[in-house]
1. Would you mind putting 77-85, 291-299, 206-214 in packing order, based on average other-beta-carbon counts within 10 Å, highest first?
2. Using modelled amide H (1.01 Å from N, peptide plane; none on Pro or chain starts), what sits under 5 Å from the amide H of His18, excluding residues fewer than 5 places away?
3. Summing Lys, Arg as +1 and Asp, Glu as -1, what charge do residues with Cβ under 10 Å from the Cβ of Asn282 carry, Asn282 excluded?
4. Over the chain, with a Gaussian network built from C-alpha contacts below 10 Å, which listed residue (Val72, Val219, Val127) shows the highest mean-square fluctuation?
5. Within a Cβ distance under 13 Å of Gly142, other residues only, what is the Lys/Arg minus Asp/Glu net charge?
6. Ignoring ligands, DNA and RNA, please state the percent of accessible area on the stretch 212-293 from carbon and sulfur, probe 1.4 Å.
7. Have a look at Pro76, Ile42, Val112 and report the one farthest towards the positive end of the charge dipole of the stretch 1-122, computed about the Cα centre with Cβ charges (Lys/Arg +1, Asp/Glu -1).
8. Taking the Cα centre of the stretch 93-240 as origin and charging only Cβ (+1 Lys, Arg; -1 Asp, Glu), how large is the dipole, in debye to the nearest 20?
Amino acid sequence: MSKKERILTGDRPTGPLHLGHYVGSLKNRVSLQDEYEQFILIADIQALTDNYDNPQKIKDNILELMLGYLSVGINPEKSTIVIQSQVPELAELTVYLMNMITVAQLERNPTVKNEIRQKGYRENVPVGFFTYPISQAADILGFQANLVPVGEDQLPMIEQSREIARRFNSLYGQTFVEPKEMLSEVPRLCGIDGKEKMSKSLNNAINLNDSSDAVLEKVMKMYTDPTRVRATDPGHTENNPLFIYLNAFHNDKKEIEEFEGRYRLGKVGDIEVKKRLAEILNNFLEPIRQKKKEYEKNIPLVNSILKKGTEKGRGVVQQTMRLVRKAVKTDYFG
Ligand code: TRP
């Protein structure tokens with residue numbers, strides 16, 4: 001039997017899961033868990049780097065994230081869910097890795113640069129936030145992950161993790177696996193406003209735990225084809241969120257083609273397509289809502305899944321740390 005390759009993925013627990021998360025990562029994780037040894041890290045320490053003033057929010061969202069994972073089909077028998085703060089060895093590893101990268105390298109990280117701009121930190125970037133790519137490298141290297149499934153914005157983190165691993169390995173001897181990114185083929189899902197990215201902060205998301213009424217209301221407000229004034233005007237289906245969502249969530253390709261044909265000819269109104277889309281999304285979400293309800297009735301079970309996963313994950317990182325301490329000669333007492 002060949003050894004399975006190891007995957008590490010992670011999320012900051014900062015808000016509800018939405019359809020964009022489903023299309024961009026959750027769906028992928030559900031299928032990857034069969035072929036790979038998959039660890040999923042709830043990155044609460046990383047979330048605190050820009051939410052240190054609101055720890056309650058992070059705490060509340062950890063349970064939300066757990067319920068979301070389990071209700072979309074992450075199977076705790078196959079995937080290991082770990083909470084970052086309860087693996088203190090990751091913090092220890094971060095300190096050693098800080099010596100492997102320069103301030104200038106960190107300053108060049110385009111994702112962090114962007115976030116610093118968006119958050120308006122200017123000269124007042126907290127050190128914890130500025131250095132979170134090192135902590136993320138510790139996550140990835142601590143777990144000895146071969147593969148990290150990511151969206152494009154996370155590519156610089158993987159690149160820097162690799163640089164840090166190489167530097168460490170060449171200074172102290174082979175210690176870390178060099179991780180590779182696994183870019184998912186699924187394009188990111190646009191928001192209901194047609195903006196490129198669905199995101200809580202842009203207020204353009206359909207959440208996995210939205211009620212069916214909320215879904216209908218959001219779909220009815222959806223941005224469609226701005227060039228189309230009347231239902232009888234020929235419409236555009238490409239780059240039209242209605243059809244992007246239909247293609248992402250509906251299995252009946254024939255029905256989609258039929259809608260597309262009529263839409264282009266001006267033979268179907270937005271309202272009819274929207275009503276059908278809301279129905280399709282609600283059919284997709286209903287079993288997820290049901291499963292979530294079941295887990296909500298058994299929170300101790302959810303907590304024990306997280307505890308067991310964390311113990312297993314911590315074991316892996318502790319093993320890595322034995323190698324690291326040996327490499328940097330801090331293994332004083334064996
Ligand atoms: N930075 C990731 C995000 O914002 C979360 C994360 C933390 C992560 N540690 C990780 C992702 C390790 C992959 C591997 O979504």
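1. Numbers: 77-85: 20.3, 291-299: 12.9, 206-214: 16.8.
Those peptides, ordered most packed to least, come out 77-85, 206-214, 291-299.
2. Leu208
3. Working: positive: Arg289; negative: Asp210, Asp213, Glu279, Glu286.
Here the count lands on -3.
4. Among Val72, Val219, Val127, the largest GNM mean-square fluctuation belongs to Val127.
5. Working: positive: Arg6, Arg314, Arg322, Arg325; negative: Glu89, Glu92, Asp139.
That sum, taken over residues with Cβ under 13 Å, equals +1.
6. Numbers: 2440 of 4580 Å².
The value for the stretch 212-293 is 53 percent carbon and sulfur by accessible area.
7. Val112
8. The dipole magnitude comes to about 340 debye.
The values are calculated or read from the model by the stated rules, or taken from the named source; none is laboratory data. Keep in mind the model is a prediction, meaning the values are calculated, not measured. Backbone-built Cβ (ideal geometry, glycine too); neighbour counts: all protein chains shown. All accessible areas refer to the heavy atoms of the entire protein, side chains included, with ligands and DNA or RNA removed. Shrake-Rupley method; radii C 1.70, N 1.55, O 1.52, S 1.80 Å.
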